[in-house]
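Notes follow once the structure below has been shown.
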Amino acid sequence: MPPLREESVHKLLGYIQVAGPLQEDGMQEMCAYSSARRLRKLDRRELKYWLELKAEEKRVNLELMQERYDFAANSVNGVILSAGSGPCREATYLSRRGVVVALDVDVEAVKACKGRLRGGVVRGDILHMPFRSGVFDAVVSLEVLEHVRGGLKALEEMQRVLKPEGVLVVSTPNRLRGRNLIALVTRGVRSLPLIHPDHVEEHSYWCLVRRLKELGFKVERVEGQNIPFIWLAGRVVKISEKLAKILAKYLPSIADIVLIRARLAS
């Protein structure tokens, strides 16, 4: 694909910088993490085991992030929107597949993306995207919906800016993941714990698939990621990493992360 001048891409997409204050209703400050209180209750042996689990979890999370990038890059091409681009790692990775435009509400994330993409970067809210309808061949949004209040509305915006037969790739934590099943029975859906303290809401596999179909998408592929531990009678039982990946891939409804590729109807 021949290189495009940035102003040409801007004219093609017809987007504008958002004027005035941004919609902040989807943002929430990070909650205090309670690990320190829990650690004080552990003896040395349990503490060592807990720290080993956290180190392993960090390594696995990095591998899973790379798998999400590969999944997205193998699914898209053309003019691509990275919706909720963050510090531009995802958008830069996707740039080998076409012209990538980055969108993020955070000022520092926008600064990190400037000058790195042929399509440029725009500061804006994914709930109110500053783009014309039907201009992108693909939209990629990885680990974003859980940080936005009313995140399912963002799927409507992604559908709006996609061309007919455009591809959407989205990943987000699964509200009904396996480790929440006991909480589901004892507390109900509304009281399920979030997977991370800086999330404001999460969505189940079933909810995401149903909403995408309502918006006119055909779900082409769904994978789960990460079933690292089994909780039995209050104890953590490790299972093999290979078995965990197989279970997550074929049982996305109980995996920690749901990864979806869907195509908009023509």
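The table for this structure:
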{"read-out": "Solvent-accessible area, 1.4 Å probe, carbon plus sulfur percent, for the stretch 57-117", "value": "50 percent"}
{"read-out": "Neighbourhood net charge (13 Å Cβ-Cβ; Lys/Arg +1, Asp/Glu -1) for Ile80", "value": "+2"}
{"read-out": "Radius of gyration and maximum dimension Dmax of the stretch 62-177, Cα, Å", "value": "12.9, 40"}
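The values are calculated or read from the model by the stated rules, or taken from the named source; none is laboratory data. None of the values given here were measured: they were computed from a predicted structure. Quick reminder, even Gly has a Cβ in these numbers, built from the backbone with ideal geometry, and neighbours come from all protein chains shown. The area values use the complete protein model at the heavy-atom level, side chains included, leaving out ligands, DNA and RNA. Shrake-Rupley method; radii C 1.70, N 1.55, O 1.52, S 1.80 Å.
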